[in-house]
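**Q** Dumping the structure here so I can ask a few things about it.
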Amino acid sequence: MAVVPRYLEANGLDATPVMIEKLGHLENDEKAEKIIDVLKVILEEECDHVYKGDVWFKYACDVKGLGYEVYFDIIDVYYPGSFPRKKELNIQARQDAGFSCSELKRMNTQAQCKQEP
Ligand SMILES: [Fe+2]
């Protein structure tokens, strides 16, 4: 739950808008427009996948009595050195999917997000 939805799939939330923007530079390209439409659906659905993984990740943490920050320990085992990084995050999509602002700032110190109350 930490690695697949909250890391790998969440990375897709960051990458897909970049692909959409790059393809958007191709003017009058019917194939690019179709791909953009598909990528928009994938992005919307991916947000839901990450959200579901987030719910189950937090449930498992609660059951085990672990703080949610264990996420960073798990990711450091499988993808060492992943955070912090300079790559831009899709803040809105990640927050919609359950990531907290403090997590996002730990992932990218430049993340512009609203701190939760
Ligand atoms: Fe997915």
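The values are calculated or read from the model by the stated rules, or taken from the named source; none is laboratory data. Here the structure is a predicted model, which means the values were calculated and not measured. All Cβ positions, even for glycine, are placed from backbone atoms using ideal geometry, and neighbour counts span all protein chains on display. Areas reflect the complete protein model, heavy atoms only, side chains present, ligands, DNA and RNA absent. Shrake-Rupley method; radii C 1.70, N 1.55, O 1.52, S 1.80 Å.
**Q** For the chain, modelled as a Gaussian network with Cα springs under 10 Å, which listed residue fluctuates most, N28, N90, N11?
**A** Of N28, N90, N11, the Gaussian network model singles out N28 as fluctuating most.
**Q** A further question on this structure: Can you tell me how region 26-81 classifies by the Cα gyration tensor, rounded, prolate or oblate, using a/c under 1.5 as the rounded cut?
**A** Details: a/c = 6.38, a/b = 2.44, b/c = 2.61.
Note, shape of region 26-81 comes out oblate.
**Q** Per residue of region 81-92, what does 6.51 cos²θ - 1.76 cosθ + 1.60 with θ = phi - 60° give for ³J(HN,Hα)? Whole Hz please, x for Gly and Pro, Karplus curve as stated.
**A** So the Karplus estimates, Gly and Pro as x, are x, 5, 10, x, 9, 8, 4, 5, 9, 8, 4, 4 Hz.
**Q** Can you tell me the dipole magnitude for region 62-113 around its Cα centre, using point charges on the Cβ only (Lys, Arg +1; Asp, Glu -1), in Debye to the nearest 20?
**A** Details: 7 positive and 7 negative charges, 46 e Å.
Computed about the Cα centre, the dipole is about 220 debye.
**Q** Okay, moving on. Using a 1.4 angstrom probe on heavy atoms only, work out the carbon and sulfur share of the accessible area of the chain in %. It would help to have the intermediate numbers written out before the result.
**A** Values: 4310 of 7660 Å².
Carbon plus sulfur share of accessible area: 56 percent.
**Q** Separate question: Nearest 500 deg cm²/dmol is fine: what mean residue ellipticity at 222 nm does the chain get from its DSSP H runs of n ≥ 4 alone, each adding -39,500 (n - 2.57), divided by its residue count? All intermediate terms of the calculation are to be shown ahead of the outcome.
**A** Numbers: 5 runs with 72 residues, N = 117.
Result for the chain: -20000 deg cm²/dmol, rounded to the nearest 500.
**Q** Relative to the Cα centre, what is the charge dipole magnitude of the chain, using +1 at the beta carbon of each Lys and Arg, -1 at the beta carbon of each Asp and Glu, and rounding to the nearest 20 debye?
**A** Details: 15 positive and 21 negative charges, 93 e Å.
Value, rounded to 20: 440 debye.
**Q** What share of Cα pairs, in percent, lie more than 26 angstrom apart in the chain? List each step's numbers first, then the result.
**A** Numbers: 1588 of 6786 pairs.
Summing the P(r) of the chain above 26 Å gives 23 percent of all pairs.
**Q** Here is a further query. Cysteines without a disulfide-compatible partner in the chain, using Cβ under 4.7 Å as the rule?
**A** C47, C61
**Q** So, counting K/R as plus one and D/E as minus one, what does the shell of residues with Cβ under 10 Å around G98 add up to? Write out the running numbers ahead of the final one.
**A** Numbers: positive: R6, K52, K58, R94; negative: D54, D96, E103.
My count for the surroundings of G98 gives +1.
**Q** Starting from region 36-96, pick out the trypsin sites (Lys or Arg not before Pro) whose DSSP state is loop and whose Cβ has at most 15 other Cβ atoms within 10 Å.
**A** Numbers: sites: K40, K52, K58, K64, R85, K86, K87, R94; in loops: R85, K86, K87.
Passing both the DSSP loop test and the Cβ count: R85, K86, K87.
**Q** Output the pairs from K31/K87; K64/K87; K31/K114; K31/K52 with a Cα-Cα distance over 30 Å in this structure; if there are none, say none. Let's see the in-between values first.
**A** Working: K31/K87 28 Å; K64/K87 32 Å; K31/K114 37 Å; K31/K52 32 Å.
In this structure, K64/K87; K31/K114; K31/K52 exceed 30 Å between Cα atoms.
**Q** Putting +1 on Lys and Arg Cβ atoms and -1 on Asp and Glu Cβ atoms, find which of I75, F57, C47 reaches farthest to the positive end of the dipole of the chain.
**A** I75
**Q** Another question, then. Provide the per residue accessible area, probe 1.4 Å, for the chain, rounded to a whole number of square angstrom.
**A** Details: 7660 Å² over 117 residues.
It amounts to 65 Å² per residue over the chain.
**Q** Could I ask something else about it? Helix 30-64 against the longest principal axis of the chain: what's the angle in degrees, Cα atoms only, rounded to the nearest 10?
**A** Between the helix axis and the principal axis of the chain, the angle is about 10 degrees.
**Q** How long are the semi-axes of the equivalent ellipsoid of region 1-61, taking √(5λ) for every eigenvalue λ of the Cα gyration tensor, in whole Å from largest down?
**A** Numbers: eigenvalues 177, 18, 7 Å².
Over the Cα atoms of region 1-61, the semi-axes work out to 30, 10, 6 Å.
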